[in-house]
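A quick write-up on the structure given underneath.
Bear in mind these aren't lab numbers, they're just calculated from the coordinates by the rules spelled out. None of the values given here were measured: they were computed from a predicted structure. Here the Cβ is made from the backbone with ideal geometry for all residues, glycine too, and neighbour counts use every protein chain on show.
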Amino acid sequence: MDWRIYALGSAFFAALTAIFGKVGVSDLNSNLATFIRTIVVLLASAALISMRQEWVRPANLPLKSILFLVLSGLATGLSWLCYYRALQLGPASRVAPIDKLSVVLVVFFAVAFLGEPLTWKTGVGTVLIASGVLLMTL
C-alpha cells in the first residue's frame, strides 16, 4: 500500500486524538491521561505485532535502531505530556494547529540533519503551514 494512504490515516487519527483527548482530560489529570493513552498504544501495538507474527528477539535488533527508537519514544512521551496539558488548558481548535508546527520543524530537521532536499514546493508549503498556524491561533 502507498505511504500516502498511511499518512492520511495518521492525519485522520491525529484529528480524532485531539477531539477524544480534549474530552478525556476534562475530568482527569493530563499526566494520568497520557499514561492511560500510552498503555492503550502499547497494548494495541503488541496485539498487532502478535497477530502479524512480527516479534523479533531483542538480541537480533540493531543497536542503532534501538537507540533512536528509545530517543523517539522519549520525544513522543514528552510531546504527549505537553499536548494533553495544552488540551486541558486550551481549546482543541487552537492547540492542534500549534501542534502541527511540528510539520515545519520536521522539514527543517530533515534538511539540516537527514540531508533531504528543500525544494521550492516544500519551502512554500512550509511557509504556508506556518502562516496558517499563526492565522488560526492569533
Per-residue Cβ neighbour rank within 10 angstrom, fewest leading, 3, 80: 3, 80
Based on DSSP H runs of at least 4 residues, each adding -39500 (n - 2.57), what is the mean residue ellipticity at 222 nm of the chain after dividing by all its residues, to the nearest 500 deg cm²/dmol? -27500 deg cm²/dmol
Would you grab the residues whose amide H sits under 5 Å from the one on residue 116? Only those 5+ places off in sequence or on another chain, please, with H modelled 1.01 Å from N. 111
The answer for the chain, counting only DSSP H helices whose Cα atoms cover 15 angstrom or more along the axis and whose Kyte-Doolittle average is -1.0 or greater, is 3-24, 30-51, 63-89, 101-114, 120-137
Highest to lowest packing among 24-32, 94-102, 115-123, scored as the average C-beta count within 10 Å: 94-102, 24-32, 115-123
Shape descriptor, the chain: equivalent ellipsoid semi-axes (Cα gyration tensor, sqrt 5λ, whole Å, largest first) stand at 27, 24, 14
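Can you give the FRET efficiency for residue 12 and residue 112, using 1/(1 + (r/R0)^6), R0 = 35 Å, r = Cβ-Cβ distance, to the nearest 0.05?
Details: r = 29 Å, r/R0 = 0.83.
For residue 12 and residue 112, the calculated efficiency is 0.75.
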Pull up the cross-link candidates among the lysines for residue 22, meaning alpha carbon to alpha carbon under 23 Å and not fewer than 8 places away within one chain. 100
With the alpha-carbon atoms as the only input, what is the per residue convex hull volume for segment 25-80 in Å³? 85 Å³
One finds, for residue 134 and residue 48 with R0 = 35 angstrom and r their Cβ-Cβ distance, a FRET efficiency to the nearest 0.05 of 0.40
Estimated distance in nm for a label pair at residue 38 and residue 119, the labels positioned 7 Å out from Cα along Cα-to-Cβ: 3.8 nm
Using a Förster distance of 30 Å, how high is the FRET efficiency between residue 66 and residue 20, based on the Cβ-Cβ distance and rounded to 0.05? 0.45
